[in-house]
Every structure is written in structure tokens, then in C-alpha cells.
């Protein structure tokens with residue numbers, strides 16, 4: 001589904017990603033771990049097409065199609081979803097209105113009519129129940145005055161609504177207490193399927209107890225330095241990132 | 001597609017003013033220049049009674065002694081008042097009894113403006129008075145309204161048919177000597193709308209006036225007078241457009257609202273005069289005096305969406321004369337490219353327990369300057385006056401400016417006055433967030449701007465809210481920084 005080859009990316013001429021190779025197949029969940037500043041969030045932003053990052057070398061392809069020339073919204077239309085580490089506030093725009101616009105824009109890009117209102121309402125009801133979201137919450141302005149946990153839960157709600165092929169969860173666990181973490185993780189697990197894939201970016205192993213990955217990759221200094229199965233995450237938890245750093249030096 | 005500021009600015013420059021067409025209608029236009037003779041000629045042309053001619057001449061004499069004000073936060077080349085023609089009217093039949101008699105060219109103009117009179121008729125929601133250049137060309141729904149005793153017609157007609165009402169109220173809220181442009185308007189106003197709602201009557205539909213400047217080198221000076229008698233209610237809409245021309249056109253209107261005891265007037269404007277091109281050439285100078293007076297328990301709400309004009313100078317105000325009267329001002333002012341707007345309100349609290357609310361949303365893009373100027377004045381006898389003001393500014397890019405000039409004068413210790421102000425910028429992060437959800441940049445800006453303006457958009461009547469929303473999108477296409 002997603003194929004990243006020798007990806008180098010910079011921001012303001014500072015190289016952050018220094019040759020990433022990653023293959024994600026449908027149905028898989030990949031975890032990307034690593035210390036602060038290793039390039040995890042940059043990788044997520046580059047896949048989503050954020051302009052401030054410049055791809056210097058290498059390629060990203062989704063289902064065989066090179067993404068380089070595609071604008072962020074076009075990537076979204078193709079089924080890429082990013083759950084933001086720091087979701088932004090849009091005052092005066094309700095969650096519902098935002099989702100309605102997002103879904104209809106994506107449908108328009110695929111040559112479809114707007115989603116009928118009753119279908120939209122049904123979808124909203126279904127997904128909000130799944131994520132234990134109070135529907136009153138959905139008429140509030142997007143992320144304005146939301147707690148950290150509400151913001152993250154709202155991101156996963158949007159993911160559920162958009163039904164992406166590839167979802168990237170950037171530090172979705174940060175700012176969540178254990179109950180919220182459980183709800184969010186349950187939601188994500190329900191969204192796992194044979195047709196879609198998920199990349200979970202996290203600093204801690206904690207989230208991976210709930211969302212069990214098929215593969216774990218360790219990112220350090222812009223490169224994937226170690227890949228393995230879920231046991232790798234436990235090993236990291238035990239030994240800390242210094243272990244990886246030392247190993248790379250050796 | 002990259003969203004660097006430079007590229008976005010280029011994108012923004014290419015957007016065009018879609019009402020910039022000129023209709024080839026034969027018109028009767030006066031020679032340029034202003035003198036007592038011209039004032040008399042206008043009055044004669046309109047077959048006005050002598051008292052009106054005299055009223056105009058007195059205004060002209062007052063105006064001659066006045067100087068153009070300079071205190072507003074706008075820069076422009078002052079119009080040469082001798083280079084303007086003060087009267088222009090579509091040439092054919094001056095008055096129409098039904099739409100069938102209207103010049104087809106004119107009807108076509110209205111279609112392009114998006115106001116199909118037929119459709120309006122069918123929808124049966126809005127009665128429209130259309131003022132093209134200087135003359136009111138069509139007033140719809142007259143009969144329906146007449147059954148309730150409501151008078152809705154052009155001001156010229158009102159001067160002839162209802163002189164007692166006009167004589168009693170004209171100039172009582174905005175006196176001729178009020179300011180330079182009000183004096184000018186009083187001398188040369190050519191048409192406008194008149195509306196009278198009798199005691200206890202609730203006007204069953206929205207009343208609407210559509211203004212259009214068509215001829216080159218003409219000024220438009222319309223005069224609107226709305227009188228809501230005791231216990232009555234009316235909602236009034238006003239829309240404006242003009243052709244794209246590279247010279248400046250002058251628009252100096254006066255609107256007077258009179259809300260007698262227990263009456264309510266809701267006055268909404270969507271102003272979309274030609275704003276000038278991307279380099280700041282041309283555009284309408286919009287110097288308007290709008291003021292309403294509230295008697296006991298009366299209420300006046302001004303709602304305005306200002307997207308057009310090269311220079312705007314406009315302060316819809318309320319004189320809260322009667323006890324327990326209420327004044328409201330809800331405004332969205334958008335400036336782009338080289339537009340300049342200095343707009344706001346005055347709330348004058350004279351009566352006891354008077355209340356006023358001001359919500360102002362300014363949106364600036366390009367190299368424009370957007371100023372809010374507001375005065376809240378509490379007179380010494382106005383016990384328990386209350387005011388709440390909120391002024392929010394939204395900036396796009398870093399070459400535009402937003403300014404807030406709030407003036408507060410409280411002469412009574414019981415007054416409660418609150419003022420809140422915020423300034424924010426549409427961030428690239430907000431845009432990227434929307435992009436990532438599949439929403440392109442233009443749509444994202446529209447969404448953000450609509451969200452920002454929501455409190456005011458919600459105050460507009462339904463028919464207008466949709467138009468206003470679209471207008472906001474067009475005015476700001478592609479602008480972000």
C-alpha cells in the first residue's frame with residue numbers, strides 16, 4: 001500500500017530524514033518509535049504533503065502512485081489521513097460542519113455527489129457512539145477549548161468518519177489519561193481492516209499494549225535503525241533509547 | 001501546488017469583480033458640476049414641491065461652507081466635486097407600473113446581479129425597490145403592502161404622495177449640517193427608498209432596496225427614510241453593486257431610521273460596490289451616513305456585510321433617546337488588495353436603561369487597511385445604561401492592517417461598558433489541517449472566515465445570509481499568509 005524508498009527530506013536546508021525505507025501492506029499496523037528529534041513527526045508530515053518540508057531524494061508511493069506532485073488535499077482524497085499531534089483550532093466552525101465539508105470535498109474529488117444529510121447523520125451517530133463521544137461535543141467549534149484528550153479523541157472520530165486507506169497517528173497517546181487512551185485505542189482497533197493500514201507514531205510503548213502492531217521500527221537521526229515485531233517495543237521499554245543509539249554508533 | 005505567500009498573492013490578484021459589467025441603457029445625464037442651478041434642476045426634474053427645493057438649497061449653502069473631513073484612517077485623492085454629474089437616470093419611461101414595461105436591458109442587468117424579479121415574486125418573500133444610478137426603477141409588491149397600510153416606494157414618489165411624512169421626518173436624524181457628505185447628499189440626492197409602517201403593524205415580508213451605479217462619471221446620492229410607527233416591526237435589506245471602472249465613483253448616501261415607541265427596525269446591508277482593481281485603481285468611494293433614533297422601548301439593529309468599495313467611511317449609529325431602548329450593530333467588513341475601510345458605529349445613550357451591543361468583525365487581506373471606529377456615549381441622565389462591544393480582527397498575510405479605535409464617554413456613574421478585542425491571523429497550520437482533511441485552500445479560507453464571522457452572519461435574514469456567505473468567499477479567494 002505505502003512504499004517509501006530512500007526518502008531524504010529537509011526543512012530550511014536542514015536534513016531531517018536521511019534515507020527512510022518502509023513498506024506497509026494492506027491490513028498491517030506499523031509502529032514507529034524513537035527518541036525526540038529523531039524525525040518521527042517529520043515523516044508523518046512529509047507523507048501528508050506539508051509544504052515546508054522539501055523532499056530532496058527518494059520517493060513515496062501509495063498503491064503504486066508516486067505522491068510527489070500531489071497537494072495535501074489530493075493525498076487526502078486518495079485516502080491518506082493524519083491524526084495530528086497538535087490539532088489546530090478553527091473558531092466558529094463546528095466539528096459536524098468541518099466533517100461534512102471534508103467528506104463532501106473528498107466525494108467531489110471522486111466525482112460523487114454530496115452525501116445526503118440523513119446518511120451523514122447516521123454516519124455521525126454510528127461513529128460517535130463507537131468512540132463514546134457525546135454528540136453535544138460535535139456542535140462545538142473545532143478544537144476550540146478542547147482538552148488534550150478531547151482533541152485526540154476528535155482526531156480519531158474524524159479518522160472514523162473519513163475511513164482512510166492509510167491512517168497515520170502522530171503521538172495520539174500524548175496528553176491522554178488511561179481511560180481516554182483505552183477508548184481511543186479501542187476505536188482504532190475497530191477501524192483496523194484487511195483493506196487499510198495504520199502507522200502509529202509514538203514515543204512510549206504504552207499505546208502499543210492497546211494497539212498491537214505487526215511491525216515496530218525504531219527511528220534515530222532520520223533513519224530506521226532497527227525493525228522487528230512487537231517484542232522490539234518491549235525491549236526498547238526495558239533498555240531505553242540509549243541502547244539503540246549506542247548500537248548505531250557501534 | 002505550493003502555498004507560499006507569494007503564489008497565494010498572485011492567485012488572489014487574478015480574482016475578478018463579477019458585477020463589473022456596464023449596461024448600455026440610454027440615460028439622461030446632467031452636465032458635470034455643482035451649483036445652485038444644478039440643485040434647482042434636480043428638484044425640478046423630480047417635480048418636487050417648493051419646500052423640498054428650498055430644503056435642498058439650504059443644504060447646498062451649508063455644504064459650500066464645510067470642509068471635507070480628514071480624521072478617518074483612510075488615504076485617497078479627494079473627489080473633485082465639479083467633475084461629477086449629479087443626476088443620471090435610465091432614459092426610457094421614468095416609471096413602471098409593472099415589470100413588463102421595464103426595459104429588457106435593465107431586466108437583464110438585474111438577472112446578472114442575481115436578482116431575478118420574477119423569481120423574487122414567486123418566492124413571495126421579499127419586496128424590492130431598485131435604484132439604478134439616480135432613479136428608482138422598480139418597486140415590487142406595492143399592492144400587497146398597501147393592504148396593510150405600509151408605504152414602500154421611492155423617496156421621490158414619497159415627496160409627492162406623502163409630503164407630510166417626509167416633511168416631518170427628513171433631516172431629523174441626520175441634519176443637513178451633520179457632516180460634509182450628509183450636507184452634499186441633502187442638496188443633491190436623486191432617489192432612494194421610503195418606507196412607513198403604520199402603528200402596530202408587523203411588516204409581513206422583508207423590504208429590500210438594490211442600488212446600482214451604472215453611468216460613468218456619475219455620483220450616486222441616495223436617501224433612505226424608514227419610519228416605524230408605534231409598536232410596528234420591519235426588516236429592511238439593502239444591496240449595492242457598480243461596474244468596474246478605472247476612475248473612482250462617489251457614493252454618498254444618507255439613511256435615516258425612526259423607530260417610534262415600542263417599534264423595531266432591523267436594517268441589513270450587503271455592500272458590494274466595485275472595490276477597484278488589484279493595483280488599487282478605480283473603485284467606489286463610499287461615504288455614508290446612517291443613523292437611527294429609538295424612542296421609548298424601541299429597538300434598532302444594524303447588520304452590515306461590507307466587502308466592496310475602494311474607500312469606505314461609514315458608521316451606522318443609534319441614538320437611544322427613549323427609556324429602555326436598544327441599539328445593536330453587527331458588522332463584517334472585508335478589505336482586500338488596496339481597499340480601505342473605516343467603519344464602526346456610534347451608540348448614544350440618552351434614555352434610562354438603554355442597552356447597546358456592538359459586534360464587529362474585520363477581515364483584512366492583501367495590502368488593505370481595515371479600521372473599526374466606534375463611540376459609546378452615555379449621557380449624564382442615562383441611568384443604568386449598558387454596552388457590550390466586541391471587535392475581532394482577522395488578518396491574512398503580513399501587508400495588511402487592522403486597527404481599532406474605540407471611544408468611550410460615560411457621564412453617568414451607573415453605566416456599565418464592556419469592550420473586548422481580539423486579533424488573529426489565518427495560519428498556515430490551519431490551512432494545512434483543512435488540506436489534510438481533503439479541503440482545498442480556497443474552501444479552507446471560506447470555512448475559516450465564515451466561522452470567524454458566524455455571529456454576524458447569523459443575524460442576517462436567510463435570503464441574505466447565503467448571498468453574504470458567497471460574497472465573503474469571492475472577496476477573499478486565495479488569500480492567506
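Laboratory data are not the source of any read-out in this text; all were calculated from the coordinates shown. Everything numeric in this text was worked out from a predicted model, so none of it was measured. Quick reminder, even Gly has a Cβ in these numbers, built from the backbone with ideal geometry, and neighbours come from all protein chains shown.
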**Message:** Can you tell me the orientation of helix A:230-239 relative to chain A, as the angle in degrees between its alpha-carbon axis and the longest Cα principal axis, to the nearest 10?
**Reply:** 60 degrees
**Sorted by Cβ neighbour density within 10 Å, fewest at the top, the residues B:303, B:404, B:335** = B:404, B:303, B:335
**Fill in**
For A:162, A:130, ascending order of other Cβ atoms within 10 Å (fewest first) is A:130, A:162
**Request:** Mind jotting down the distance between the C-alpha centroids of the stretch B:305-339 and the stretch A:56-80, whole Å?
**Result:** 47 Å
**Message:** Taking R0 as 41 Å, what FRET efficiency do you get between residue B:76 and residue A:86 from their Cβ-Cβ distance, rounded to the nearest 0.05?
**Reply:** 0.40
**Prompt:** What's the extension gain from residue B:172 to residue B:469 if we count 0.36 nm per residue and subtract their Cα-Cα distance?
**Reply:** 103.4 nm
**Request:** Round to the nearest 0.05 the FRET efficiency obtained for residue B:54 and residue B:403 when R0 = 41 Å and r is the Cβ-Cβ distance.
**Result:** 0.50
**Prompt:** What FRET efficiency comes out for the pair residue A:206/residue A:52, r = Cβ-Cβ distance, R0 = 35 Å, nearest 0.05?
**Reply:** 0.70
**Prompt:** What is the order of A:198, A:124, fewest Cβ neighbours within 10 Å to most?
**Reply:** A:124, A:198
